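Okay, so here's the structure we're looking at.
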Amino acid sequence: MSAEAQALQGAPGNGRARTVDLAWFRRRQIRTILGVVAVVVAFQLCSMVCNFSLTYAIGSVPAAFVWMFQNFIPTAESLANFSLVLEQTISTALDSVAATVIAAIVGIVLSVLGSSTIGVSFAPVRGLIRAIASIFRNIPMIAWALLLLLSFKQNEFTGFLALFLTTFGQLTRFFLDTFDEIPTGPIEALKSCGASYWQIVFQAGLPLAVADLMSWMLYMVETNIRSATLIGLLTGTGIGFVFNLYYTSFRYDTAGLVIVVTIVFVLVIEAVSNVARRSMI
Amino acid sequence: MLLEVQDLGKSYDAPRRRNKAATDATSGTPRALSGVSFTAGQGEFITVIGPSGAGKSTLLRCLNRLIEPTDGVINFNGRDITHLPNGRLRKVRREIAMIFQNYNLVYRLTAIQNVLHGRLGYKNALAGSLGLYTEDEKARAFELLDEVGLGEFAYRRADQLSGGQKQRVGIARSLMQDPKVMLCDEPIASLDPKSSRMVMETLRRLTRERGITCIVNLHQVDFALEYSDRIIGLRAGEKVFEGTADETTPAVIRSIYEGDAEVMVDVPVEMPEAAGSPIEAGAFAAEPATGGAQ
Ligand SMILES: Nc1ncnc2c1ncn2[C@@H]1O[C@H](COP(=O)(O)OP(=O)(O)O)[C@@H](O)[C@H]1O
Ligand SMILES: [Mg+2]
């Protein structure tokens with residue numbers, strides 16, 4: 001051991017010797033390089049197995065976009081369907097807003113009861129609520145839609161239920177985290193005033209959590225409008241159905257109009273919910 | 001006496017047991033409180049001093065049962081409240097207000113809403129949950145805010161107030177309860193000297209003018225000496241001193257904080273019982289599954 005290294009390591013007898021390990025930086029660099037190499041190798045292997053060619057993919061993307069733009073650009077002719085598209089987009093959007101709001105209400109009740117801060121004191125109930133949230137959250141929405149199609153057939157309610165069930169699982173999970181993180185001090189203070197359980201929930205729990213709850217709910221409204229379009233394909237309702245109808249009959253211009261209207265709608269909703277979020281801080 | 005505490009004990013790692021021997025035998029960690037007794041009369045200003053971790057917060061929270069004591073008896077206003085069920089405990093808590101080091105306001109609500117929270121114990125579940133207060137209650141809340149010098153901040157959100165202002169809202173909230181006792185857990189620990197003095201003056205005034213009993217945890221000994229009728233010294237969960245400010249000499253203070261046994265000659269130290277009685281030992285033997293074998 002060199003004198004320098006000895007000096008850096010401090011007194012050997014000391015139980016918590018201060019070691020300055022300069023090789024640590026080199027080891028880190030090597031690890032980073034190895035990581036990058038591993039990713040590249042894995043990508044190459046997978047590409048070979050799936051017959052995927054990066055150069056071909058990159059080369060064909062522009063062409064695909066050009067084709068899309070040529071075919072999906074709404075034409076004057078497709079504007080004749082505008083009122084139908086708009087009407088169905090609004091109906092789909094309202095559907096997903098309704099599903100999200102109802103899911104949020106159920107989610108708030110469950111997550112209040114299941115939270116570690118203002119939940120019920122009986123631990124198995126809290127565990128059960130967490131389990132329910134996990135199960136519903138982890139079943140994909142498409143799976144719900146397909147399952148529900150069996151019993152409810154193709155109609156609006158099937159899509160609504162599929163949206164509701166996944167959103168409910170997801171929101172309950174987010175809400176549980178939100179309530180788990182509210183400060184316990186104000187809750188303790190209200191308890192010391194002689195407040196009862198529900199008084200504490202409404203006068204401390206909800207006010208402390210409401211901004212985050214609303215923020216999560218608005219986020220789910222946004223994602224659900226996108227998902228509802230997809231679900232409509234399966235359930236034969238709403239804007240998804242309209243898209244499917246024109247798409248499968250090669251009327252790409254109207255299908256393109258559907259896409260444009262949907263995108264505009266999602267952007268508007270996003271803008272509105274950002275304003276709402278900012279006003280709630 | 002308004003408040004009588006007898007032989008109060010708390011062990012965090014043992015849930016409530018019927019006897020002390022069991023908890024002593026099973027707990028590996030020292031008890032947060034053991035054998036603490038004292039009384040508090042109407043309008044008294046009592047401070048509890050002691051090093052950090054001595055059990056001051058635990059003691060205060062046992063008095064209104066935010067923490068369930070493991071053993072001992074608490075008598076409040078001539079009534080044993082140690083085992084009161086929830087509904088009746090709420091009624092008792094209305095008369096035992098509490099203020100905190102971190103103010104513990106619902107920071108998203110306004111000052112006036114926080115003050116009105118002091119009435120929750122008097123309201124039914126629905127009116128309280130929805131925040132439906134009577135006109136009298138509202139008028140009184142404004143009055144109290146005025147009294148602590150925050151009349152113009154009534155509609156200010158609590159998170160936009162300074163530390164001293166928050167603590168004064170906290171005091172107004174507790175006064176809203178019409179309390180007989182105020183428990184103050186390090187009320188000035190986060191405040192600058194000027195705000196600290198203001199808060200201490202306010203508390204002192206409450207004891208004089210309204211006959212409210214204040215029990216205050218402090219770690220500023222100088223403030224304790226200046227304001228207290230009586231000082232209680234806690235160390236490692238045990239009461240090691242009780243006396244007036246005059247009796248609290250520098251040597252006594254040193255002994256509370258550093259545990260210098262030599263200067264403790266004239267201070268009665270309550271010795272814990274050497275061993276459980278045969279009955280208690282028998283009770284423990286009947287509960288073999290409590291994790292004694294470690
Ligand atoms: N919730 C808790 N769980 C376990 N131990 C605790 C808890 N609260 C306090 N303690 C322990 O109890 C002892 C007394 O704590 P505390 O009453 O907060 O003292 P102080 O307020 O005098 O600083 C400390 O040893 C602390 O670690
Ligand atoms: Mg403390």
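The values are calculated or read from the model by the stated rules, or taken from the named source; none is laboratory data. Computed from a predicted structure; not experimentally measured. Cβ sites come from the backbone with ideal geometry, for glycine too, and all protein chains shown count toward neighbours. Heads up: the accessible areas ignore ligands, DNA and RNA and are worked out on the full protein's heavy atoms, side chains in. Shrake-Rupley method; radii C 1.70, N 1.55, O 1.52, S 1.80 Å.
Side notes on the structure shown:
- Label-reachable residues, segment A:56-76, where backbone N falls under 20 Å from a point 7 Å from A:SER47's Cα toward its Cβ: A:56-64
- Mean residue ellipticity (222 nm) of chain A, computed from DSSP H runs ≥ 4 via -39,500 (n - 2.57), nearest 500: -27000 deg cm²/dmol
- Stokes-Einstein translational diffusion, segment B:149-232 - Kirkwood Rh over all Cα pairs, 1.306 mPa s, 10 °C, in µm²/s: 118 µm²/s
- Residues of chain A were split at every exposed loop site, defined as trypsin sites (Lys or Arg not before Pro) in a DSSP loop with at most 11 other C-beta atoms within 10 angstrom, and the longest piece left, sites excluded, is A:19-152.
- Computed magnitude of the charge dipole of the protein assembly as shown (debye, nearest 20; Cβ of K, R +1, Cβ of D, E -1): 1080 debye
- Summarised in one figure, the compactness ratio Rg/Rh of segment A:75-280, Cα atoms and Kirkwood Rh, is 1.09.
- In units of the compact-protein estimate 2.2 N^0.38 Å, segment A:200-245 shows a Cα radius of gyration of 1.78.
- A straight line joining the Cα centroids of segment B:162-204 and segment B:115-132 runs 22 Å.
- Each Lys and Arg Cβ is given +1 and each Asp and Glu Cβ -1; about its Cα centre, segment A:75-280 then shows a dipole of about 400 debye.
- Beta bridges by DSSP in the protein assembly as shown, antiparallel share as percent, to the nearest 5: 50 percent
- Sparsely packed loop sites in segment B:96-155 (the chymotrypsin sites (Phe, Trp or Tyr not before Pro) outside DSSP H, G, I, E and B with at most 12 other Cβ atoms within 10 Å) comprise B:TYR155.
- Sequence of B:ASP136, A:ASP21 from largest to smallest accessible area, 1.4 Å probe: B:ASP136, A:ASP21
- Efficiency of FRET between A:ALA57 and A:ILE281 - r from beta-carbon atoms, R0 56 angstrom, step 0.05: 0.80
- Area of A:VAL37 that stays accessible when all protein chains are in place (1.4 Å probe, Å², to 10): 80 Å²
- Fluctuation leader among A:ILE108, A:ILE30, A:ILE132 - chain A, Gaussian network, Cα springs under 10 angstrom: A:ILE30
- The loop-placed chymotrypsin sites (Phe, Trp or Tyr not before Pro) in segment A:119-195, going by DSSP, that have at most 10 neighbouring Cβ atoms within 10 Å of their Cβ come out as A:PHE122.
- Peptide B:109-122 shows a mean partner chain C-beta count of 4 within 10 Å per residue C-beta.
- Normalised contact order of chain A, rounded percent, pairs of Cα under 8 Å and 6 or more residues apart: 24 percent
- FRET efficiency for A:VAL39 and A:LEU147, using Cβ-Cβ distance with R0 set to 35 Å, rounded to 0.05: 0.40
- Sites A:ALA76 and A:LEU267 - FRET efficiency at Förster radius 30 Å, r taken between beta-carbons, to 0.05: 0.80
- Chain B contacts chain A over a buried accessible area of about 2000 Å², both sides summed; the probe is 1.4 Å and only protein chains count.
- With at most 14 neighbouring Cβ atoms within 10 Å, loop GluC sites (Glu not before Pro) (DSSP) excluded, longest segment of chain A: A:78-180
- Taking every protein chain into account, the accessible area of chain A amounts to 57 square angstrom per residue (probe 1.4 Å).
- Taking only the Cα atoms of the protein assembly as shown, the ratio Rg/Rh comes out at 1.12, with Rh defined as the Kirkwood radius.
- Whole-Å distance, taken between Cα centres, linking segment A:92-108 and segment A:178-225: 19 Å
- Model label points for A:SER249 and A:LEU22, set 7 angstrom from Cα along the Cα-to-Cβ axis, are 7.8 nm apart.
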